[in-house]
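Every read-out reported here was derived from the displayed coordinates using simple, explicitly stated rules and does not represent laboratory data. Quick caveat: nothing in here was measured; it's all calculated off a predicted structure. Neighbour counts run over all protein chains shown; Cβ positions are idealised from the backbone, glycine included.
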Amino acid sequence: MKVRYRAAAGLAVLALAASACGGGGGSTDNSQPNAQQSQQAQQQMAETPAISINPVPYEQVKDGGTLTLSIGQWPSQWNPIHVDGNQRDTADMLDPVLPILMRSDQEATFTPNPDYLADIKNDLSSGKQVVTYTLNDKAVWSDGTPITWKDIEAQWKAQNGENKKFKPASTEGWDQVESVTKGDTDKVAILTFKKPYPEWNSMLSRSPHLMPAKYITEPDAFDKDYLQKIPVTSGPFKVESIDEGTKTLTLVRDDKWWGKKAKLDKIIFRAIETPAAQVNAFANGELDMVEIPPGSPADLKRAKEVPNVDIRKALSPNWRHITVNNQSDFLKDKSVRQAVQYAINRDVITQSDLKDMDWPLQTLGNHVFMNNHKGYVDNSGDLGKYNLDKAKQLLDAAGWKQEGEYRKKDGKEFELSFVVPSGLPYAKTEGELTQAMLKEAGVKVTIRPVPDDKFFTDYIIKGDFDLVPFSWIGDPQPISSLQQIYKSGSESNFPKASDPAVDAAIEDAVGEMDPVKAIEKANAADKLVWDMVHTIPLYQRPDIQAAKKTLANLGAKGYSFYDWTAVGFTG
């Protein structure tokens, strides 16, 4: 499941999408990694590539063929800028059929997508930031309606946070826009910002894909028009069918597409809930590529044994964590949340999830930057270190006294719910490890398995949890994700944490135009996020894909975006 944070800036799909997957086990040994292990992890991190997609020139990719892929969670909401549609699987399925105006390469550099943009200008000469998008004259929606400035205006109004009836996954960037106006023609959109916004070039990227104005102008349409359907598209592929019974999306080449002709005839996405079942399908020849998530070494081993397989690995802006509900009756007190964090050994969970996955056993000390990012600093401080004694002291001071096996206060037992998707074994293992660790501190943890397809919409978004593990699927520009995930009032601030000091630090960081200073300010904000215990980072999530050797231009993409016209087979 995905939640994009711009750091999926944007959807945490950008921006953010919650991604959860399964399978694994681990020791409850509370040992810390030694210096040699840490050095080995750093070396392994340095040796992991930025991208691994079997790049093949467009001309050398075979014409035709059907690509079959799996997804873990079947969506009901297909509007990717809606908070309920902010899932990684949804964004992956929409990429071939919805506009991505700005695309990123493996170096996290954004450039205009000429299929949709003829030109783009960012002008600061007037004292205000003015960005002018000139849309491709040929760009149209699948119903024949031209893509115009009105679509960008509607995107702004739905995502700027002013109309509270809209439920966007994120307002980041759009809440900094003062106006969207028409230029010389309907194909020119002029965005004027209230104040400079440094990550402007990823605002119309993937998640949030550009959406047709007709379907997002009114809150009711925003909520319902893409519910269990995709009425309008614009891309090298179009929707042939959505089968709710088999949970299958079938895309076919769109012959009205004005760009390069797609190499593939058809793309099929099938919902297969568990990683083990997905790998079985790949081994049986039913899939052309499959993701190998953390915590599933047996699946990785099996995938490696498939004839003519290519294991593709890359570093990506995605990370695993435990979100801590700041509004829970038990966790409203920050000192209690800090106690919970001290009692959880992040190294143990990381080692359990990543053991035998051919991936660096390295915890993450930052909510914004990944271990391999130039802006990375370990800001975890003492809170990032396992300290059972400190946890007990804080709980004692908060009035939670040990009475028998567990702690009580005013006759009430300290009990937390750890919500996990039922089809993901390694999420359950994370819960079991957390359960054992917190028991040592006198805190009872109950693991609550819930349906995979309801995990995000019915539990995370609604705040029906005390602790919950999932992954943020990020994008190449991470600083603005601070707004989406951690700022008070954001729809994607799932633990409903709120701190004026954090909000001020976030505003300072996302508005900084100097890249070096922006990194410094983002790290200052990150220290405050650690202190309030909004989210407990675990590790930079592996991007490991097992693919047929003949599959071209698809795999572990890191910070880059796929070119779906060039995806196909070489034989």
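The charge dipole of segment 418-571, taken about its Cα centre with unit charges on the Cβ of Lys, Arg, Asp and Glu (plus for the first two, minus for the last two), comes to roughly 600 debye. Per residue, the average separation of C-alpha pairs within less than 8 Å and at least 6 apart gives the chain a relative contact order of 27 percent.
The length gained on full extension between LYS462 and ASP508, counted as 0.36 nm times the residue separation minus their Cα-Cα distance, comes to 13.7 nm. Segment 92-167 and segment 284-298 have Cα centres separated by 34 Å. Charge dipole of segment 462-501 (Cα centre as origin; +1 on each Lys and Arg Cβ, -1 on each Asp and Glu Cβ, all else neutral): 60 debye, rounded to the nearest 20.
Look at the dipole of the chain built from charges on Cβ: of GLN341, LEU433, GLY511, the Cα furthest out on the positive end belongs to LEU433. Extension gain for the segment GLN402 to LYS385, taken as residue separation times 0.36 nm less the Cα-Cα distance, is 3.8 nm to one decimal. For PHE470, the residues whose modelled amide H falls within less than 5 Å of its own, excluding neighbours fewer than 5 places apart on the same chain, are HIS321, THR323.
The relative contact order of segment 244-386 comes to 17 percent, based on Cα pairs under 8 Å that sit 6 or more residues apart. A Förster radius of 51 Å, combined with the Cβ-Cβ distance separating ASP255 from GLU178, puts the computed FRET efficiency at roughly 0.80.
Sites listed here are trypsin sites (Lys or Arg not before Pro) in segment 432-484 whose DSSP assignment is loop and whose Cβ has at most 16 other Cβ atoms within 10 Å: LYS462. Could you tell me the calculated FRET efficiency between GLU244 and GLU59, based on Cβ-Cβ distance and R0 = 30 angstrom, to the nearest 0.05? Calculated value: 0.20. For the peptides 187-193, 46-52, the ranking by packing is 187-193, 46-52, with the highest mean count of neighbouring Cβ atoms within 10 Å listed first. Evaluating 6.51 cos²θ - 1.76 cosθ + 1.60 at θ = phi - 60° for every residue in segment 194-204, the Karplus couplings come out as 5, 8, x, 10, x, 9, 4, 6, 10, 5, 10 Hz, glycine and proline recorded as x. Of the options (i) 138; (ii) 193; (iii) 146, only one is volume of the Cα convex hull per residue in Å³ as computed from these coordinates, and that is (i).
In the chain, helices alone account for a calculated mean residue ellipticity at 222 nm of -7000 deg cm²/dmol, with every DSSP H run of four or more residues adding -39,500 (n - 2.57). Once backbone amide H atoms are built at 1.01 Å from N, GLN129 has PHE193 as its partners under 5 Å, excluding neighbours fewer than 5 places away on the same chain. Gain on full extension, evaluated as 0.36 nm per residue between ASP310 and ALA436 minus their Cα-Cα distance, stands at 41.6 nm. For the chain, the Cβ-based charge dipole about the Cα centre amounts to some 120 debye (Lys, Arg positive; Asp, Glu negative; other atoms uncharged). Note on ILE447 and THR109: their simple-model spin labels are 4.7 nm apart, each label 7 Å out from Cα toward Cβ. Each peptide in 426-435, 146-155, 279-288 gets a packing score, the mean of other Cβ atoms within 10 Å over its residues, and the list from highest to lowest is 426-435, 146-155, 279-288.
Of the peptides 480-487, 300-307, the ranking by mean beta-carbon count within 10 Å, highest at the top, reads 480-487, 300-307. Binning the alpha carbon pair distances of segment 467-571 at 10 angstrom intervals from zero yields the distribution 13, 35, 26, 17, 9, 1, expressed in whole percent.
Put one equal scatterer on each alpha carbon of segment 102-224, apply the Debye formula with no solvent term, and list log10 I(q)/I(0) at q = 0.10, 0.14, 0.20, 0.22 1/Å to two decimals. Debye intensities relative to I(0), on a log10 scale: -0.29, -0.59, -1.23, -1.45.
For segment 261-284, the residues whose amide N sits under 18 Å from a probe point set 7 Å from the Cα of THR66 along the beta carbon direction are 263-272, 281-284. Of the residues ILE152, ALA139, LEU117, the one whose Cα sits farthest towards the positive end of the charge dipole of segment 102-224 is ILE152 (charges of +1 on Lys and Arg Cβ, -1 on Asp and Glu Cβ, taken about the Cα centre).
With R₀ set to 41 Å, the beta-carbon distance separating LYS332 from VAL377 gives a calculated FRET efficiency near 0.90.
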